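Notes to accompany the following structure.
We did not get these values from a lab; they are worked out from the coordinates using the rules stated. In this text the structure is predicted, and so the values were computed from the model without any measurement. As a convention, Cβ positions derive from the backbone with ideal geometry for all residues, glycine included, and neighbour counts pool all protein chains shown.
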Amino acid sequence: MEFNQVKIDLVTKGPDGGCTLVLVETGPWIGEQKNQNMQRLGNRIAGCVSAVINGHVARRYPATIGVPLTIQVDSYDTPRLEVDILLAKMQNEFDKSPEIQEELRSGRFTSAILLRHRWCDFASELMKRRPSHKFWQRLKRLFGVGVPH
């Protein structure tokens with residue numbers, strides 16, 4: 001779903017009645033690219049909050065109306081600490097914003113907006129998976145391991 005240039009990758013409803021708007025970010029972010037991607041992510045989150053406050057999310061997904069919303073950044077191979085800090089700063093700004101707080105008090109579109117970060121690196125994800133026998137055979141053929149020349 002996109003609102004102007006805001007892309008929300010997934011919307012889920014939780015057992016507690018709240019909804020989660022998932023933003024997926026993948027890395028690696030290195031060098032100058034890291035700063036650019038951090039800026040882009042900040043703009044993406046701000047745009048998402050704006051879409052919530054202005055009712056765009058509620059019109060597209062009526063199940064989100066009046067329930068607490070979590071904007072969750074699922075990131076892979078991104079700078080974990082920097083993204084955590086960015087989300088904490090943005091949450092603080094949203095909590096102090098009179099406009100956002102007034103809209104939340106009205107409960108017209110949502111009663112709360114929380115930011116959450118779920119981080120993982122690809123190496124950890126790969127370690128969680130148990131590759132099949134076929135996978136190992138393909139990998140061996142790819143690298144010529146155990147294949148007669």
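Please find the FRET efficiency linking ALA88 to ARG141, where r is the Cβ-Cβ separation and R0 is fixed at 41 Å, and quote it to the nearest 0.05.
Between ALA88 and ARG141 the formula returns 0.30.
Each label point is 7 Å from the Cα along the Cα-to-Cβ direction; what then is the distance between the points at ILE30 and VAL11, in nm?
If labels sit at ILE30 and VAL11, their model points lie 3.8 nm apart.
May I ask for the Rg/Rh ratio of region 49-107, computed from Cα atoms with Rh as the Kirkwood radius, given to two decimals?
1.03
What is the Rg over Rh value, at two decimals, for region 74-113, using alpha-carbon atoms and the Kirkwood definition of Rh?
That ratio is 1.14, to two decimals.
May I ask for log10 I(q)/I(0) of region 1-58 at q = 0.20, 0.29 Å⁻¹, from a Debye sum over the Cα atoms as equal point scatterers with solvent left out?
Once normalised to I(0) and log-transformed, intensities are -0.79, -1.20.
Holding the Cα-Cα limit at 31 Å, pick out from LYS13/LYS89; LYS7/LYS134; LYS7/LYS89 the pairs that are longer than that.
In this structure, LYS7/LYS134 exceed 31 Å between Cα atoms.
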